[in-house]
Structures are given as C-alpha cells and as structure tokens.
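Taken together, the values in this text are just the output of simple stated rules run on the coordinates, not laboratory data. All values derive from a computational prediction rather than experimental measurement. Here the Cβ positions follow ideal geometry from the backbone for every residue, glycine too, while neighbour counts run over all protein chains shown.
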Amino acid sequence: TCTFIAELLAQSGCRVGLMLSPHVDDYRERIQIASAESSLHQIGEGELLAMHVHLRKTVGDKVPLTYYEWTTLLALQFFSMQKLDFVVLETGLGGRWDASNICPSIVSGITTVGLDHMDILGGTVEKILAEKLQIVKPDSDFIFGPKDESLITQAVDHADQVGAHLHAVKSFSVIPAEAEIQQLPPYLYKNLQFALTVGEVLKTKGYKIKDQEFLSKPMNGIPARFEIIHENPLIILDGAHNEPALKELKKYLSETYNDDYDLVFGCLKTRDFLALSDIIVSKHENHWARFDAQNQTHDDQEYQRLREKHGGKIIDLNKDAVNELLCQKSKRPIVVCGSFYLCSDFRRFL
C-alpha cells in the first residue's frame, strides 16, 4: 500500500520519501525516493554508509536503539536532507510505541487488522486495533480498511476522541484497460484501492493528484508480493506471513490455479506454525522449509509436528534443495510463502 501511495504521489509531480519494512533482498529497500522523473529507487550504498557513520558519531550508544528504531532514524535523517514534498512511512509493529509514530501526519491509514504479534499487541483484534489506532493524529484524515462492524465502531469512536476525519476505502471501477494493474492479484488490488483513496483525500486538501497518470503507468513488481521469479516451472514468492494475508493468497491460488500447486512454507517462531499451515497447505507436494532468520525460526519439534499433521517433507533451504525442486519438473506452480526471510533466501539460492 505504501509503495502504491508513493508511486501515486510521484506521478502527480511530487518528490517522495518512502520507508518500508521489512526488506526482502537488500536493506536499502527500506529507504527509497520517488519522483516523476525517476521511479522508486533505493538509497545509495555510499549515502547509507555516510549516514550510518554520521549518526554513530552523533548518537553513539547514548540511547539504546532497536534495529527498527535505528532504521527509522537513518530514514528520517536522510529524508531531512532531501527536498521532498511528501514522506510515506510504513508503521512497523502495532503503532502506539512504533518508532514511526514520532512523526506528525496529515493522513494515516489502517489497511487490515488481524491476529498478529499477539504476545506484544494483545490477544484479540480489538486490543490490536487499539494499538494501531494510536497512529491517528488530531485534526488529521484517517482511512480505515476493515469491514467488520465492531472494528468500524471502535475506529469511529477513536476518531471522534482525537478529532480526526474518518474515511472508508472507496471502490474505483474506472481503470484504463491497458493498465497492468488489471493483472494484480485481488489482495494487491485492495491495496491499490486504498492508495487511490489516499489520493482522493489529498485532493480535498487542495493537492493535485493525477491518478490516471499513475494508473496508466506500468506497475513495477514489488519484491515478494506475488512475485514470479521463474517461468518453467512457475515459481511464485509471496511474503504472506499472517492469517489475513495467507487467506487472501489461498483464495487467489484456488481461483487462479484451482488449488493445483506445490508449497514451500516456513515461518518465524512468533507465528503459530500449525494454524498458518492449515490455511495454505497444498493437496500436492508440501515442503516445510528450515531457513536462516537470525535464530527466529521454529525448532525441530515443531517441524515434526507439522509433518505428522500434514505429511510432506522437511527441507533445509539451500542451493541443493532449490535445485531438487527445479529438477522435479512439476507442471504445477511452486508457491514460496510464510516469511520474507524465506522468500529472500529462496531467491538467493535460485
């Protein structure tokens, strides 16, 4: 959604800073600039190193920062040195205590609410939404994606409390036939609708948003968002790693491929491995992949429980494992999902 918003603003003649998380292949994906003359491009290696050295000298170890907080500091420092019209920030975890929440905003948005990071944010969607709602600033515009009536009521109440202007996501049906977005998976199409709603809100504030120019422009592939990285066999990377995202992915696989696919799946130990596998498990080949994620993956016992439940094969993701998949010459698509770390490793070995 943030990528679409940044591209929309850039095609409207603005110079835009974009901060994303997580990255898939390169840390520099987290800090990007877009303009009408140049589509999204990452911070340069030299620029990033210079920023890092400068901030180390300035901040040092005076304040202990997490990985994400340090990234946010780097991004904001870099953006402050650019001549920008807008900055688009992707909130990391929750919202209330997220590093990005130190910034004032004219528009904030919540795309979905699902049971994610429950150990930190709370065990119900209502508690999780309460954390997310803290990104909404007084006298700002607030766009809300979920359709659940109780969540909408909660969002309306919070908007009233802080004096924010609440907007539902609009449905845009007039899209150029030649636009590549016609081929987007439905769940990415929802993200696009959200971005276009942001554009409509900005128009009411006097900004000249050129949505038709944006829609007519070829869409650049977003890493690990239903990304096709190999044609024969067809290999699809998708970073879906929570219940809402995996349900959307499964729905698309069912509608497009009649559930006829082979699966490579793994997730971080903060996720419910068994519950998520229930959503995405294939009726054909299932590969439960061990992968490198800085000691954040499940232990062997959890992988064995998974195989006992669904069958399939436990693999150590490496070059040999990827070659073995290719050599099977399956006519079915191979879907790699469950973690951005997993997607990144798979691409590297391929």
Near Lys309, which lysines are there with a Cα under 21 Å away, not counting those fewer than 8 places off in the same chain? Lys247, Lys250, Lys269, Lys283
Pairwise FRET efficiency - Val53 versus Lys147, Cβ, R0 = 41 Å, nearest 0.05: 0.30
In debye, nearest 20, what is the charge dipole magnitude of the stretch 2-103 about its Cα centre with +1 on Lys and Arg Cβ and -1 on Asp and Glu Cβ, if you could check? 380
Taking placed amide H atoms and a strict 5 Å upper bound, the residues 5 or more places from Ile314 or on another chain that come that close are Trp288
Say R0 is 45 Å: what FRET efficiency, to the nearest 0.05, do Ala36 and Arg305 get from their beta-carbon distance? 0.30
Expressed in nanometres to one decimal, the distance between label points 7 Å along Cα→Cβ at Arg28 and Ala275 is 3.9
Cut-off 11 Å, label 7 Å out along Cα→Cβ of Glu200, residues of the stretch 136-175 by amide N: 167-174
Quick one: which residues, 5+ away or cross-chain, put their amide H under 5 Å from the amide H of His284? H built at 1.01 Å from N. Tyr261
Hey, what's the per residue convex hull volume over the C-alpha atoms of the stretch 82-127, in cubic angstrom? 94
Measure off 7 Å from each Cα along the Cα-to-Cβ vector at Asp259 and Asp160, then give the distance between these two points in nanometres to one decimal. 4.4
For His165, residues with placed amide H under 5 Å, excluding near neighbours: Ser140, Asp141, Phe142
Evaluate the relative contact order of the stretch 101-140 (contact order divided by residue number), counting alpha-carbon pairs under 8 angstrom at least 6 apart; express in whole percent. 49
Added length on full extension, which subtracts the Cα-Cα distance from 0.36 nm per residue, Ser330 to Gln294: 9.8 nm
Once fully extended, how much extra length lies between Cys103 and Lys283, figured as 0.36 nm per residue of separation less the alpha-carbon to alpha-carbon distance? 60.2 nm
At q = 0.17, 0.23, 0.30, 0.34 Å⁻¹, what base-10 log of I(q)/I(0) does the Debye formula yield for the stretch 241-281 when every alpha carbon is treated as an equal point scatterer in vacuo? -0.43, -0.74, -1.10, -1.26
If you filter the stretch 1-62 for GluC sites (Glu not before Pro), then keep DSSP loop positions with at most 15 other Cβ within 10 Å, what is left? Glu37
What number, in percent, do you get for the relative contact order of the stretch 261-350 if the mean sequence gap of Cα pairs under 8 Å and at least 6 apart is divided by its residue count? 39
Could you list the trypsin sites (Lys or Arg not before Pro) in the stretch 212-289 that lie in coil according to DSSP, counting only those with at most 14 other Cβ atoms within 10 Å of their Cβ? Lys269, Lys283
Over the chain, what is the mean sequence separation of C-alpha contacts under 8 Å (at least six apart), divided by residue count, expressed as relative contact order in percent? 15
Cβ charges +1 (Lys, Arg) and -1 (Asp, Glu), total dipole of the chain, debye: 380
The base-10 log of I(q)/I(0) that the Debye equation returns for the chain at q = 0.07, 0.09, 0.11, 0.15 Å⁻¹, one scatterer per C-alpha, is -0.32, -0.53, -0.81, -1.47
Once the convex hull of the C-alpha atoms of the stretch 1-82 is built, how many Å³ does it hold per residue, rounded to a whole number? 93
What residue among Ser216, Ser12, Ser277 has the largest mean-square fluctuation in a Gaussian network model of the chain, using Cα springs under 10 Å? Ser216
List the GluC sites (Glu not before Pro) in the stretch 228-272 that DSSP assigns to loop (not H, G, I, E or B) and whose Cβ has at most 11 other Cβ atoms within 10 Å. Which are they? Glu231
How far apart, in nanometres, would the label points at Asn318 and Thr124 be if each is projected 7 angstrom from Cα along the Cα-to-Cβ direction? 4.8
Applied in sequence order to the stretch 146-154, the curve 6.51 cos²θ - 1.76 cosθ + 1.60 (Karplus, θ = phi - 60°) yields integer Hz couplings, x standing for Gly and Pro, of x, 9, 5, 4, 5, 6, 4, 4, 4
